[in-house]
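Here's the structure we're looking at; comments come further down.
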Amino acid sequence: MAQTIGFDSVTFAVLDEDGAIVGELLENKGEKETGAVEATIEGITAEMKKVWASNIAVYVAASGTGDVKSKITIFNLLEEQFSSLLGWENVNALKGVLGRGKSSKTPYVAAALQSQAIDGDIIIYGLPKGKFSLNEVAVETGTDESAEPEGYELEGDHSANTDGFTFLKFKGSKEDAAAFLTYLFPKTAPAVE
């Protein structure tokens, strides 16, 4: 994998049962006082299994992916993203009140994490199908120092799209990135910056 510099943006698309995009793309790229902070994706490669014979490993099986999971930290996740991305619901039409309960359903989501390679190319990691959760919120008292707000850490659990891919990686030009994003987000690809 290419070395990356920075974390430019993360874009989410909510999917219906057929994998089609529902509504607008949800972008976090340093606008509206929100942005991408950090991300990790693990389980990209399946666990390798060795077959031993005559006291040596004679065969190594490694196909498919492992249990692909992600952690994405976003500074100041927007309120509308809580409901559409995480399945939080408006509570009894009360202004400013969102909740999770027994009828809450978390939607499938596609995600694109954009960075830059050291040679200047665009790098995008794609997660074509998964569900995200916010498993923890925390509050902390202030001190005599300036407060540094924390981001929200979203945890994702991912599965394969209709083409059988759970994880995608793109490295290339802005023009080619647009084609990749059209594959990841059919019909509503975001502009590449």
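The values are calculated or read from the model by the stated rules, or taken from the named source; none is laboratory data. Fair warning: this is a prediction, and the values are worked out from it, not measured in the lab. Cβ atoms come from the backbone with ideal geometry, glycine included; neighbour counts cover every protein chain shown.
Couple of notes before you dig in:
- Test: residue in the stretch 109-121 that is aliphatic (A, V, I, L, M), modelled with pLDDT of 90 or more and farther than 25 Å from Lys69 by Cβ: yes
- Residue in the stretch 44-64 that is assigned to a strand (DSSP E or B) and in contact (Cβ under 8 Å) with a residue 24 or more places away in the chain present: no
- Selection of the stretch 35-71 for residues being of a type outside the set (Gly, Ala, Ser), closer than 19 Å to Ala160 by Cα and under 13 Å from the mean Cα position of the chain (by Cα) yields Thr40, Ile41, Glu42, Val68, Lys69, Lys71.
- Boolean, Ile41 is touching a Lys or Arg at 6+ places or on another chain (Cβ under 9 Å) and buried (at least 18 other Cβ atoms within 10 Å of the Cβ): yes
Results for (1) in contact with a Leu (Cβ under 9 Å, 6 or more places away or on another chain); (2) not basic (Lys, Arg), shown as yes or no for each residue.
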position: Ala13; (1), (2): yes, yes
position: Glu24; (1), (2): no, yes
position: Lys32; (1), (2): yes, no
position: Thr40; (1), (2): no, yes
position: Gly64; (1), (2): no, yes
position: Phe75; (1), (2): no, yes
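- Cβ separations smaller than 8 Å between residues 6+ apart or across chains give the following pairs from the stretch 163-185 residues that are of a type outside the set (Gly, Ala, Ser) to residues that are modelled with pLDDT of 90 or more and part of a loop (DSSP other than H, G, I, E, B): Thr166/Val68; Thr166/Ser159; Thr166/Ala160; Phe167/Val68; Lys171/Asp121.
- Only a single criterion out of (1) closer than 19 Å to Ala13 by Cα; (2) surrounded by 11 or more Cβ atoms within 10 Å (Cβ to Cβ); (3) modelled with pLDDT under 90 is not satisfied by Lys32, namely (2).
- Residue match in the stretch 16-34 (condition: touching a helix residue (DSSP H, G or I) at 6+ places or on another chain (Cβ under 7 Å), at positive phi and part of a strand (DSSP E or B)): yes
- Unique residue being at pLDDT 85 or above, within 26 Å of Leu168 (Cα to Cα), surrounded by fewer than 16 Cβ atoms within 10 Å (Cβ to Cβ) and among the basic types (Lys, Arg) when the list is Lys71, Lys95, Lys49: Lys71
A quick yes/no check of all residues on (1) farther than 18 Å from Ala13 by Cα; (2) at pLDDT 95 or above; (3) of a type outside the set (A, V, I, L, M, F, W, C); (4) out of contact with any Gly (no Cβ under 6 Å at 6 or more places or on another chain):
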{"residue": "Lys105", "(1), (2), (3), (4)": "no, no, yes, no"}
{"residue": "Tyr125", "(1), (2), (3), (4)": "no, yes, yes, yes"}
{"residue": "Pro149", "(1), (2), (3), (4)": "yes, no, yes, yes"}
{"residue": "Glu153", "(1), (2), (3), (4)": "no, no, yes, yes"}
{"residue": "Ala160", "(1), (2), (3), (4)": "no, no, no, yes"}
{"residue": "Phe165", "(1), (2), (3), (4)": "no, no, no, yes"}
{"residue": "Ser173", "(1), (2), (3), (4)": "yes, no, yes, yes"}
{"residue": "Asp176", "(1), (2), (3), (4)": "yes, no, yes, yes"}
{"residue": "Ala189", "(1), (2), (3), (4)": "no, no, no, yes"}
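- Residues considered: Gly126, Gly120, Gly101. Of these, the only one that is surrounded by fewer than 17 Cβ atoms within 10 Å (Cβ to Cβ), small (Gly, Ala, Ser) and on the phi < 0 side of the Ramachandran plot is Gly101.
- Criterion: under 20 Å from Gly30 (Cβ atoms), acidic (Asp, Glu) and out of contact with any Cys (no Cβ under 6 Å at 6 or more places or on another chain) - qualifying residue of Glu175, Glu136, Glu155, Glu148: Glu148
- Evaluation of Ser84 against (1) among the polar types (S, T, N, Q); (2) more than 13 Å from the chain's Cα centre (by Cα); (3) surrounded by fewer than 18 Cβ atoms within 10 Å (Cβ to Cβ) (one fails), failing number: (3)
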